[in-house]
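See structure below.
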Amino acid sequence: MKARAITSEVILSSIRTRSDNSVGLSFSTPELASDEVLAFLELRNRNLKMLLQPMDGEAVELKEVKSELDEKTPAQRARAVLFLLWKQQNEAVEFETFYRQKMNAIIEQLKSKLNPT
């Protein structure tokens, strides 16, 4: 299902800073009809582009914030997958030990495919 773009008047009601220097924002809308609420719900947990423009006067200039949104590095993805595997297998060892063992096994497997120099 393709989600619709939304334009709405909102009040920026809360700004929270996070440890990774990102911010969490909360907005309040006016009272919405059920189909308008549904349009917002369709966008939940999706990457969005947002324009915040004051309604009580013209914005002097547009400040564009360019950054990747919540993209995990390959190493972070591998660690997350290994963590899930560790949990599913109910391993008796600590996760860090499990992680190092699995990563060493992967590295050794890749090294074995290299041509000798």
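Considering only residues that are closer than 14 Å to ARG79 by Cα and of a type outside the set (A, V, I, L, M), which ones fall in the range 95-117? Across the range 95-117, the qualifying residues are PHE95, GLU96, THR97, PHE98, TYR99, ARG100, GLN101, LYS102, ASN104.
With respect to ALA75, determine if the residue is at pLDDT below 90, surrounded by 10 or more Cβ atoms within 10 Å (Cβ to Cβ) and small (Gly, Ala, Ser). Step through it out loud before you land on a result.
Numbers: at pLDDT below 90: yes; surrounded by 10 or more Cβ atoms within 10 Å (Cβ to Cβ): no; small (Gly, Ala, Ser): yes.
Spelling it out, it is not the case that ALA75 is at pLDDT below 90, surrounded by 10 or more Cβ atoms within 10 Å (Cβ to Cβ) and small (Gly, Ala, Ser).
List, please: which pairs have Cβ atoms under 7 Å, are six or more places apart or on different chains, and start with a residue in the range 91-117 that is assigned by TED's automatic domain parsing to the domain that holds ALA80 and end with one that is surrounded by 10 or more Cβ atoms within 10 Å (Cβ to Cβ) and assigned to a helix (DSSP H, G or I)? If the second residue must be surrounded by 10 or more Cβ atoms within 10 Å (Cβ to Cβ) and assigned to a helix (DSSP H, G or I), the pairs left are GLU91/PHE98; PHE95/PHE83; PHE95/TRP86; PHE98/TRP86; TYR99/ARG79; TYR99/LEU82; LYS102/LEU82.
Filtered by the rule that a residue be among the hydroxyl-bearing types (Ser, Thr, Tyr) and more than 17 Å from MET50 (Cβ to Cβ), the range 25-39 gives a lone residue, SER34. Candidates in the range 1-22 are the residues that are hydrophobic (A, V, I, L, M, F, W, C) and surrounded by 10 or more Cβ atoms within 10 Å (Cβ to Cβ); of these, the one that is nearest to the chain's Cα centre (by Cα) is ALA3. Scanning the range 49-61 for residues that are at pLDDT 80 or above and surrounded by fewer than 10 Cβ atoms within 10 Å (Cβ to Cβ) gives LYS49, MET50, LEU51, GLN53, PRO54, MET55, ASP56, GLU61. Scan the range 93-101 and give yes if some residue there is acidic (Asp, Glu), more than 18 Å from the chain's Cα centre (by Cα) and surrounded by 10 or more Cβ atoms within 10 Å (Cβ to Cβ), otherwise no. Yes; the residues of the range 93-101 include at least one that is acidic (Asp, Glu), more than 18 Å from the chain's Cα centre (by Cα) and surrounded by 10 or more Cβ atoms within 10 Å (Cβ to Cβ).
In this structure, does ARG4 turn out to be at pLDDT below 90, under 22 Å from VAL65 (Cβ atoms) and among the charged types (D, E, K, R)?
No.
The values are calculated or read from the model by the stated rules, or taken from the named source; none is laboratory data. All figures in this text were calculated on a predicted structure; none of them were measured in a lab. Quick reminder, even Gly has a Cβ in these numbers, built from the backbone with ideal geometry, and neighbours come from all protein chains shown.
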